[in-house]
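First up is the structure itself, then whatever we jot down about it.
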Amino acid sequence: MNNKEKLELARWAVKQAKSRGAEEVSVDVAQSRNVEVEYRDGQIDKLKESTQNAMDISIYDDNRYSSHGTNDLRKGSLEKFISEAVAMTKYLNEDSHRKLPDPKFYSDQKDIDLKLFDSSYGNVTSEQRVKISREIESIAKAQSDKILSCTSGYSDSFSESVKVNSNGFEGESTRTAFSAGAEVTVDGGGGGRPQDWNWATVRFFKDLPDLEFLGKVAVERALEKIGQDKMQSERFDMIVENRSAGRLFYSLFSPMQAGSLQQKSSFLEGKLGEKIASGKFTLIDNPFIINGLGSRLYDGEGMATKKRVKIDKGVLKEYYIDTYYGSKLGMSPNSGSTTNITLEYGTKSLDDLIKGMKKGILVKNFIGGNSNSTSGDFSFGIMGHYIEGGRIARPVNEMNISGNMKEFWNRLAEVGNDPYVFSSWRFPSLYFTDVQFSGI
Amino acid sequence: MGRMTRREFLETGAKGVVIASIPGIFKFDPSAAFAAPMEDIVNLNEYYTHFGVDEKIILDVMQTALDRGGDYCDIYFQHSIANTVGLEDNAVNRAYANVDFGVGIRVISGDQTGYSFTEEITSKAMKLAASTAANIANRNKTAAPVGLEHKTLPDYYPVKTLWENVKIDRKIPYLQNINDKVFSKDSRIIKSRIRFSDFSSYILIANSEGKTVCDYRPMTSLRVSCTAEQNGQRETNGYSLAARHGIEFFTRENVEKLSDESVRRTIDLFEAVKPEAGEMEVVLAPGSSGILLHEAIGHGMEADFNRKNISIFADKINKRVAKEFVNIVDNGTNMNIRGSLNVDDEANDTEETYLVRDGILTTYLHDRISAKHYKSRHTGNGRRESFRYAPMPRMRNTYMLPGPHTPEEIIKSVKKGLYAETFTNGQVFIGAGDFTFYVKSGNLIEDGKLTRPVKDINIIGNGPEVLANIVMVADDLKMAEGGWTCGKDGQGVPVSQGLPTVKVSSITVGGIS
């Protein structure tokens, strides 16, 4: 089924729902093909190939709302599915805030090619997939005789989706993604087996990084952890490496969502226009990055996306507002989800940031932990390195950081110049002062 | 993305992805097929009819799967129906439903796995998937079995009424009732959110050893989350109950408990403080504290991590890892508990498996590949999220058996420490053994007494060290009641865990100095 046929099916589903009494309807039809190779000890460990389909349908009827999904797209099955979906909705309580987006939010969709689809996708052969995996493994294994385990791999996906809203929206999208990398476990002596990974995801096959980089870095990162131990509890400066920094932002994103605000479980309620972070922190939601993993022309509701400055020099400029909770809050919607996150990047590399640190901890992995979106309290486990005199002194692990998000972001002192591009949240390395670490 | 390093463990929260449905979407009348007790072979035939297959078609697909010489293949048919009804702002104003239907085909050759699935259960589509999975092997064809023998299963999760026969109008009053109770219990409550979910999965497995099994797997959960306000301070907490059970699980007593506990746990947070940062004695309350076992030892004992030489436990079998009164099991046979299974996802019996017996590390948790690799018996731990995934060794219900101490003497023995009571999530790095769990609420222990409440602290430790540091185990084993889901390599499966009151002599607490 191509996108044209998917659109026809989605329009048909809208009609079916309306003919059974639904006032408004939103339908998504998606299909994806995935191939995945896991490779170890000179042979394929797992090979997986599949194609899957999905239809999601949201029913808006007489101020009532429900949402339904199925993977059986045969029309006979769908007729019954839709009819029961409409019937079920009638049992619910009325909720006048449930409605499709105002069509004015559909209209100014940008007309640009975001280049999310690699037309060479069909040319990638099974042999190539296995070859990439094999090469990464052999590069990794050549790095050290301390390697206890190495799993390398490759995967790719091709996905197509369409969206139809009964009040005048139609959209379609075709995307590809390619991933490759390795995970390595090394002998740490004394029982511990440190591990790390280096994996990359890109939209175009040709943009996959050098296999040398994928294999080598995974091993280096694991070897660096040998001898890791905890330290005395103390307040330290902290650098968070780019690829882990997004984890911290999640603790701000959740309270920035309209649902948290409306449900009074956000410590950012009433903070619009106020300073919530240091002046070094400018956060931009940018849906238009070419080849971006989070790029899109319309959001999950069909609303046209826009580049938005969410936090400007530490001042909270915008929440993430979807149609439903926006209506409840009396606020205009601006999309409830993130696209690509970028920052106003600084000038220093991770190495420069380390050089500038007298005494502190470089966090390379977070492990577990959580944050409370109502109060801002947080606590996360960490692994990384102790820094002394601008140099890496030794690996540390089994420690926690704790604090409160209301004041934590004010202690952001430096923003690196090294965005992590294998994620839609492109965080650089970040430098915070005076963070509570707990260890011994 | 940490594809393989991150084992995440979450209590299904109100913000989780909700999937769900309404009865009888497929041409299938569950009341006719499953409601009445019947001869088992009839049951199997109902499953065949339901999935539109018969023995001949299955054997034919198996032959395609083994055409390139695999050692083994299995075919996993699944039809699942999920429903969620939600209340927010005093109205039952949302419902989500999902149906999922398909078949997964796996071929094993040595330690290697070929996998494919299709959502279209026709002979043609299944054979195409089978030939894709077959490619993992590259030898002369293996013969498929000549016939299939059906195995009757025990029933660890009897339900009075199948979820397909419980319509939405029967569920709505539960939500309204709990919401009323929550607001009537304390005037400081300003918001309440409630989710009522049910999930039914019909499974038919056939394998090249000539075995077929079929299983109906129910699941339900009711989750309450509330926010309270006092002098401008706000706090959110909640409580949930989950089980492989029918609607009869939600007795008057359980409904009362949901509202009582969610309000109490939220209000308590107003007085909560942070403990000091650093190592201290920690007492784990009975119940969901079993998350300690899940992270500290459970994942490390999954045999795939040992086969791949990743686990810190890889060289510790038959060695002492804990004091002699420590016994830890992973059990798939507890009645109506969330992680129980009548049969695992590769058609093997489930059982009570001892991970640690009298302080000695006993056995890994095996799936078919690892059992063969280690020439060990199966432990019935081969599980998968759905027909879209190949199985791997996973936990079921992991808990510690009662020990010689009493909860009172344990608390009394602590001069200065932490009493950890409720949890939201945990994670482990299998190789280093570092694991964490996040304490949503608990109390300080000062001079042998529970004192001020505490909130929002991460605890981090090393699996083998913490096991060795378990110095007291009480006689009050309790299983977790909430809806725990374990994530590994992108697959989520329902699990449970349990613990008696336990004292750990030293572990790092994420406090404030």
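Laid out as a table, the results:
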quantity	calculated
Test: residue in region A:8-22 that is among the aliphatic types (A, V, I, L, M), crowded, with 19+ Cβ neighbours inside 10 Å, in a strand (DSSP E or B) and away from every other protein chain (no Cβ under 13 Å)	no
Matching residues in region B:467-485 - criterion: being within 14 Å of another protein chain (Cβ to nearest Cβ), in contact (Cβ under 8 Å) with a residue 60 or more places away in the chain and surrounded by fewer than 24 Cβ atoms within 10 Å (Cβ to Cβ)	B:468
Close pairs from region B:115-139: first in contact (Cβ under 8 Å) with a residue 24 or more places away in the chain, partner of a type in the set (Ser, Thr, Tyr) and in a helix (DSSP H, G or I), Cβ under 7 Å, at least 6 apart	B:127/B:64; B:130/B:64; B:131/B:64; B:134/B:64
Filtered residue count, region B:414-440, keeping only those that are more than 7 Å from every other protein chain (Cβ to nearest Cβ), part of a strand (DSSP E or B) and within 22 Å of the chain's Cα centre (by Cα)	8
Scope region B:111-136; condition more than 7 Å from every other protein chain (Cβ to nearest Cβ) and either buried (at least 24 other Cβ atoms within 10 Å of the Cβ) or in a helix (DSSP H, G or I) (or both); matching residues	B:123, B:124, B:125, B:126, B:127, B:128, B:129, B:130, B:131, B:133, B:134
Strands (runs of 3 or more DSSP E) (entirely within region B:233-351) containing at least 1 residues that are of a type outside the set (Lys, Arg) and more than 30 Å from residue A:229 (Cβ to Cβ)	B:233-243, B:328-331
Region B:341-354 residues that are farther than 14 Å from residue B:214 by Cβ, paired with ones that are aliphatic (A, V, I, L, M) (beta carbon under 6 Å, 6 or more apart)	B:350/B:341; B:352/B:329; B:354/B:329
Residue in region A:164-174 that is within 26 Å of the chain's Cα centre (by Cα), within 12 Å of chain B (Cβ to nearest Cβ) and modelled with pLDDT of 95 or more present	no
Enumerated strands (runs of 3 or more DSSP E) restricted to region A:344-439, each holding at least 3 residues that are within 23 Å of residue A:188 (Cα to Cα) and modelled with pLDDT of 95 or more	A:359-371, A:377-388, A:391-404
Single match in B:130, B:91, B:134, B:95 (criterion: under 17 Å from residue B:205 (Cα atoms) and in contact with a Leu (Cβ under 9 Å, 6 or more places away or on another chain))	B:130
Leading residue by the ranking (nearest to residue B:206 (Cα to Cα)) among those in region B:21-51 that are modelled with pLDDT of 50 or more and touching a Ser or Thr at 6+ places or on another chain (Cβ under 8 Å)	B:44
Set B:498, B:511: member being in a loop (DSSP other than H, G, I, E, B) and either crowded, with 21+ Cβ neighbours inside 10 Å or more than 10 Å from chain A (Cβ to nearest Cβ) (or both)	B:511
Any hit, region A:186-204, residues being more than 14 Å from chain B (Cβ to nearest Cβ), in contact with a helix residue (DSSP H, G or I) (Cβ under 7 Å, 6 or more places away or on another chain), touching a residue at least 40 places away in the same chain (Cβ under 8 Å) and surrounded by 21 or more Cβ atoms within 10 Å (Cβ to Cβ)	no
Selected residue (only one of A:89, A:51 is in contact (Cβ under 8 Å) with a residue 60 or more places away in the chain and at the interface with another protein chain (Cβ under 9 Å from one of its Cβ atoms))	A:89
Tally of residues being within 30 Å of residue A:183 (Cβ to Cβ), part of a strand (DSSP E or B) and not aliphatic (A, V, I, L, M) across region B:456-495	11
Boolean, residue A:137 is more than 30 Å from residue A:25 (Cβ to Cβ) and either in contact with a Lys or Arg (Cβ under 9 Å, 6 or more places away or on another chain) or aromatic (Phe, Trp, Tyr) (or both)	yes
Sole exception among (1) under 30 Å from residue A:375 (Cβ atoms); (2) surrounded by fewer than 16 Cβ atoms within 10 Å (Cβ to Cβ); (3) under 26 Å from the mean Cα position of the chain (by Cα) for residue B:193, by number	(2)
Residue within region A:368-389 that is within 11 Å of chain B (Cβ to nearest Cβ) and over 30 Å from residue B:228 (Cα atoms) present	yes
Hits in region B:270-294 - residues which are under 12 Å from residue B:454 (Cβ atoms), surrounded by 24 or more Cβ atoms within 10 Å (Cβ to Cβ) and β-branched (Val, Ile, Thr)	B:282
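One line per residue, one yes/no per condition, for (1) part of a strand (DSSP E or B); (2) over 30 Å from residue A:304 (Cβ atoms):
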residue: A:112; (1), (2): no, no
residue: A:115; (1), (2): no, no
residue: A:122; (1), (2): no, yes
residue: A:129; (1), (2): no, yes
residue: A:133; (1), (2): no, yes
residue: A:138; (1), (2): no, yes
residue: A:158; (1), (2): yes, no
residue: A:173; (1), (2): yes, no
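Here's the yes/no breakdown for (1) within 30 Å of residue A:393 (Cα to Cα); (2) crowded, with 22+ Cβ neighbours inside 10 Å; (3) not aromatic (Phe, Trp, Tyr):
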| residue | (1), (2), (3) |
| --- | --- |
| A:218 | yes, yes, yes |
| A:223 | yes, no, yes |
| A:248 | yes, yes, yes |
| A:294 | no, no, yes |
| A:304 | no, no, yes |
| A:308 | no, no, yes |
| A:312 | no, no, yes |
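The values are calculated or read from the model by the stated rules, or taken from the named source; none is laboratory data. All values derive from a computational prediction rather than experimental measurement. Don't worry about glycine lacking a Cβ; one is built from the backbone with ideal geometry, like all the others, and counts go over all protein chains shown.
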